[in-house]
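Worksheet for the structure shown next.
The values are calculated or read from the model by the stated rules, or taken from the named source; none is laboratory data. Nothing here was measured: the structure is a model prediction, and the numbers come from that model. Note that we place each Cβ from the backbone using ideal geometry, even for glycine, and neighbour counts take in every protein chain shown. In case anyone asks, the SASA skips ligands and DNA or RNA and just uses the protein heavy atoms, side chains included. Shrake-Rupley method; radii C 1.70, N 1.55, O 1.52, S 1.80 Å.
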Amino acid sequence: MAKKIVVAGGNGFLGSRICRVAVGRGWDVTSVSRSGEPTWSAVTSSPDAPPWSKSVKWQKADILKPETYKPMLNGADAVVHSMGILLEADYKGVITGKESIWGGLSRAFSATKGGSQNPLERKEGEALTPQEKDGQLTYELMNRDSAITLAQEASFHGVPSFVFISAAAGAPMLPKRYITTKRDAESTIASALPKLRSIFMRPGFLYDSSRKFTLPIAFAGSAGNMVNSMVGGRLTWLAGAAVEKPLKADLVAEAVVEAIEDGSVKGVIGTSDIEALATKAWRKGML
């Protein structure tokens with residue numbers, strides 16, 4: 001019987017690639033997202049659905065409402081959370097000119113924002129309730145609480161493995177809460193759900209030729225990584241992910257599926273380990 005993987009955010013930039021790799025290995029693949037199947041022009045270089053996509057169950061569900069995705073967890077061997085956010089709405093508002101610079105950035109860079117009720121005190125299937133007055137999807141809600149809840153629901157259903165797509169570090173242009181909420185999710189999942197084999201993938205910036213705008217950013221990141229290596233990593237505390245080695249999205253997807261298949265892999269997986277897992281997967285494919 002084929003192994004079953006459920007990818008929350010499977011219609012996204014990285015999530016869709018995880019689905020593709022899992023299909024290639026003969027897995028039973030289910031993607032969970034609000035919109036179902038991807039808008040292919042947004043995640044690949046073509047507007048047409050690739051042949052492998054016909055092997056994926058593109059399910060619609062709300063990550064904040066476990067009752068909408070619980071049935072899909074039955075019989076799963078692994079669940080992946082790939083639904084974090086890079087920018088909050090007020091930060092996006094400043095960039096797009098829809099919100100004043102002072103108002104948007106003061107809120108975006110505030111020390112704390114509301115997430116949901118304590119996910120660990122929920123009943124099985126209980127929905128997450130956003131705590132911000134306007135219901136904003138904050139880092140606390142999406143990067144932390146939705147991940148903890150998905151891991152908890154996976155544990156309730158006896159799923160043995162859980163993968164959280166975290167990040168290598170924050171960056172000067174992002175609110176500190178972007179990375180602290182991801183680290184909070186990692187530590188809470190690891191401590192509160194010890195029977196779950198949890199894998200925390202920490203890639204840096206992801207790029208792909210299908211997203212042309214990512215290429216110059218990746219080039220600059222590679223240069224920054226080289227300089228940082230030359231000075232013994234002394235720029236990491238200042239620049240964070242800006243000097244972390246950028247990784248091709250396909251490579252990270254290969255590493256995610258390889259990590260799930262290798263039962264000895266657990267805990268934090270940094271850049272070098274991601275590359276090693278992807279190399280291992282590539283060698284398998286050559287046999």
So Asn74 and Ala111, fully extended at 0.36 nm per residue minus their Cα-Cα distance, gain in nm 9.5 nm
Would you rank Glu261, Glu140, Glu67 by solvent-accessible area, highest first, keeping every protein chain in place and using a 1.4 Å probe?
-> Glu67, Glu261, Glu140
Remind me, relative contact order of the chain in percent, using alpha carbon pairs under 8 angstrom and six or more residues apart?
-> 17 percent
Of Arg122, Arg34, Arg183, ordered by accessible area with the largest first and a 1.4 Å probe, the sequence is Arg34, Arg183, Arg122
Express in whole angstrom the spacing between the alpha-carbon centres of the stretch 126-156 and the stretch 223-280.
-> 26 Å
Rounded to the nearest 20 debye, dipole of the chain from Cβ charges on Lys, Arg, Asp, Glu | 300 debye
By a straight-distance test (C-alpha under 21 Å), which lysines pair with Lys212 as possible cross-link partners, with residues fewer than eight away in the same chain excluded?
-> Lys92, Lys245, Lys248
Calculate the length of the line joining the C-alpha centroid of the stretch 58-87 to that of the stretch 1-26, in whole Å.
-> 12 Å
Cα lying deepest toward the dipole's positive end in the chain, options Met83, Ser198, Ser272, charges on Cβ | Ser272
Please give the net charge around Gly125, taking every other residue with its beta carbon less than 12 angstrom from that of Gly125, where Lys and Arg add +1 and Asp and Glu add -1.
-> 0
In terms of solvent-accessible area of protein heavy atoms at a 1.4 angstrom probe, what is the ranking of Met72, Met230, Met173, Met1, highest value first?
-> Met1, Met230, Met173, Met72
Compute the length gained on full extension between Met173 and Ser35: take 0.36 nm times their separation in residues and subtract their Cα-Cα distance, giving the result in nm to one decimal.
-> 46.8 nm
With every protein chain present, what is the per residue accessible area of the chain (1.4 Å probe, Å²)?
-> 47 Å²
Subtracting the Cα-Cα distance from 0.36 nm times the residue separation, let me have the gained length for Asn118 to Ala192 in nm, one decimal.
-> 25.4 nm
Using a 1.4 Å probe on heavy atoms of the protein chains only, the accessible area for Ser45 in Å², nearest 10, reads 100 Å²
What accessible area, in Å² to the nearest ten, does a 1.4 Å probe give for Leu238?
-> 110 Å²
In whole percent, how big is the carbon plus sulfur part of the accessible area of the chain, probe 1.4 Å, protein atoms only?
-> 58 percent
Mean residue ellipticity (222 nm) of the chain, computed from DSSP H runs ≥ 4 via -39,500 (n - 2.57), nearest 500 = -11500 deg cm²/dmol
